Amino acid sequence: YTLCEELGAGGMATVYLARMELDAGVTKLVALKTIHRHLARERAFVDMFLDEAKIASRVNHPNVCTTFDFGQIGGTYVLAMEYLIGEPLVDVINRAAADATDEVLEVIPFLAARVIADAAEGLHAAHAAAGADGRPLGVVHRDVSPQNLFVTYEGSVKVVDFGLAKAFERVSQTQNGVLKGKLAYAAPDLLR
């Protein structure tokens, strides 16, 4: 992988645009996620990153960001994913709110329905994902929010960031009473 530029950073990782070198001089642009160096020394964060790689690599659906590769490069864990050209839904919502003309307001319900339907398809694929033995993995995303839904310029919606997802085969376990994800988007049954 050759790093091209930083695309963004969150609490646990940084995502870079990278060029993946394939055979015969073929290259592919990917989003390369790396755990922050200061967190890479803490086993709990490494386990969460490993869990994300395991879960994301087992979900294959047009409405879920594809995971291509996972491993260590120079002692740094990296997760190579589909490079999406578009914007997080939160940015689309903010721009629509700023440009709230009658024409924009008229189409928002239809666009919202399409985004929700596509996201639900991707989340269903995650929930239905099975391991190599055919048994369900029990994947629950736990951080579905406008920041983790991505709208491509081609018009597709992708669920991204399985960093807080729950599954039966996780290395790290969440303690009872601990909320993962954003409170404003937590499921009512989880809050109960």
(request) List, in order, the whole-Hz ³J(HN,Hα) value for each residue of region 95-103 obtained from phi through the Karplus relation with A = 6.51, B = -1.76, C = 1.60 and θ = phi - 60°; use x for Gly and Pro. (result) 5, 4, 5, 6, 10, 6, 7, 4, 5
(request) Could you pull out every residue, at least 5 positions away or on a different chain, whose amide H is within less than 5 Å of the one on Leu7? Hs are placed 1.01 Å off N in the peptide plane, and Pro or chain starts have none. (result) Val15, Tyr16, Leu17
(request) Convert each backbone phi in region 29-42 into a coupling constant with the Karplus relation 6.51 cos²θ - 1.76 cosθ + 1.60 (shift: θ = phi - 60°), then list the ³J(HN,Hα) values in order as whole Hz, x for Gly and Pro. (result) 7, 9, 9, 10, 9, 10, 5, 4, 4, 5, 8, 5, 8, 9
(request) Between Glu121 and Asp91, with labels modelled 7 Å along Cα→Cβ, what's the label distance in nm to one decimal, could you check? (result) 2.3 nm
(request) Leaving ligands, DNA and RNA out of it, report the carbon-plus-sulfur percent of the accessible area of region 1-72 at a 1.4 Å probe. (result) 50 percent
(request) Please give the per residue accessible area of region 92-155, computed with a probe of 1.4 Å over protein heavy atoms only, in Å². (result) 63 Å²
(message) Averaging over every viewing direction, what projected area does the convex hull of the Cα atoms of region 1-69 cover, in nm²?
(response) 5.6 nm²
(request) Once every Cα of region 78-157 carries one equal point scatterer and solvent is ignored, give the base-10 log of I(q)/I(0) from the Debye formula at q = 0.18 Å⁻¹, two decimals. (result) -0.86
(message) What is the distance in Å between the Cα centroid of region 2-65 and that of region 86-149?
(response) 20 Å
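The values are calculated or read from the model by the stated rules, or taken from the named source; none is laboratory data. Everything quoted here is computed from the prediction, not taken from an experiment. Cβ coordinates were reconstructed from backbone atoms using ideal geometry, including for glycine residues, and neighbour counts include every protein chain displayed. Note: accessible area is taken over every heavy atom of the protein model, side chains too, but ligands, DNA and RNA are not part of it. Shrake-Rupley method; radii C 1.70, N 1.55, O 1.52, S 1.80 Å.
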